Amino acid sequence: MSSLIAPSILAADFGNLERDCNMVNCSEADWFHIDIMDGLFVPNISFGMPVVAAIQKYAQKPLDVHLMIIDPDRYIETFQKLGAEVLTVHYEACNHLHSSIQKIKSYGMKAGVALNPHTPINHLRDIIQDVDLVCLMSVNPGFGGQSFIENTFIKTMELKQLIKENHSDCLIEIDGGVTNQNAAQLISSGADVLVAGSHVFKSDDPLEKIKTLKNIT
């Protein structure tokens with residue numbers, strides 16, 4: 001199976017949101033990746049519910065929502081109503097991660113857990129059978145356009161091994177600094193979903209960038 005491509009809307013032109021959403025609709029991308037930042041868990045604020053509602057209005061592909069916020073349980077139902085099909089919370093932001101995962105699933109969404117670059121893979125050992133997706137941050141969360149952290153390749157392989165050992169169907173998503181220069185090695189390391197922001201939306205030909213990523217094996 002080819003990898004799933006999830007363009008990060010954080011890098012889109014918000015003055016032309018409908019245009020950029022339609023570009024993703026017409027592309028070979030699989031998901032819309034939507035980063036929600038609160039300025040507390042990460043040192044940046046992205047956008048809130050009205051923008052997600054606008055994206056949902058235009059999007060014809062699943063919404064992959066990544067909550068970079070403290071106490072994410074407060075908003076699980078809200079994002080389900082806004083159309084999220086995959087909802088990812090941060091390991092570092094959840095006091096009771098298992099409970100958060102179960103709550104996401106109770107609303108009919110796929111449940112994801114994100115790990116910051118410094119968080120070890122083995123912290124997921126007791127939860128890996130319960131999650132549908134693990135998002136490995138390959139940059140420090142908060143801002144787009146950062147350089148890829150090379151240790152991500154090792155973490156991806158470690159996570160893949162943990163998934164196999166526990167007979168889990170969990171997908172591995174890589175978020176941050178993904179380009180056509182590192183995508184092949186990420187896929188060979190075990191990545192299933194590639195999030196690409198600036199690499200797609202800041203290029204002269206976003207459709208071609210997505211096509212290239214989609215066809216890397």
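All of the numbers you see were taken from the coordinates with simple rules; none came from a lab. Predicted model only: the values in this text are computed from it and were never measured. In this analysis, Cβ positions are derived from the backbone assuming ideal geometry, glycine residues included, and neighbour counts consider all displayed protein chains.
Net charge within 12 Å of residue 12 by Cβ-Cβ distance, Lys/Arg positive one each and Asp/Glu negative one each, not counting residue 12 itself?
-2
Among DSSP beta bridges lying fully in region 4-214, give the percent that are antiparallel, nearest 5.
Counting only bridges with both partners in region 4-214, antiparallel ones make up about 5 percent.
Taking a spot 7 Å from the Cα of residue 2 along the direction of its beta carbon, which residues of region 201-217 have an amide N less than 14 Å from it?
207-217
Quick check: the distance between the Cα centres of region 1-65 and region 98-117, to the nearest angstrom?
19
Three principal axis extents, largest first, for the C-alpha atoms of region 1-63, in Å?
37, 27, 16
Using 0.36 nm per residue of separation minus the Cα-Cα distance, give me the extension gain between residue 151 and residue 74 in nm, one decimal.
Contour length minus the Cα-Cα distance gives 24.5 nm.
Hey, could you get me the Stokes-Einstein D for region 4-214, Kirkwood radius over alpha-carbon pairs, 37 °C and 0.692 mPa s, rounded to whole µm² s⁻¹?
My calculation gives 194 µm²/s for D.
Enter the mean projected area of the convex hull around the alpha-carbon atoms of region 41-137, in nm², rounded to one decimal.
Convex hull of Cα atoms, orientation-averaged projection: 6.2 nm².
Suppose every K and R has +1 on its Cβ and every D and E has -1 on its Cβ; what is the size of the dipole of region 4-214 about the Cα centre, in Debye to the nearest 20?
140
Where in region 116-134 is the amide nitrogen less than 13 Å from a point lying 7 Å along the Cα-to-Cβ axis of residue 99?
The answer is none, because no backbone nitrogen lies closer than 13 Å to the label point.
Can you tell me which of 99-107, 147-155 comes out highest on packing, and rank the rest after it, using the mean Cβ neighbours within 10 Å?
Highest mean packing first, the order is 99-107, 147-155.
Take peptides 11-17, 90-96, 63-69 and line them up by average Cβ neighbours within 10 Å, highest first, as a rough protection proxy.
For the peptides 11-17, 90-96, 63-69, the packing ranking is 63-69, 90-96, 11-17.
Need the full-extension length gain, residue 56 to residue 118, defined as separation in residues times 0.36 nm minus the C-alpha distance. One decimal, nm.
Gain on stretching residue 56 to residue 118: 19.1 nm.
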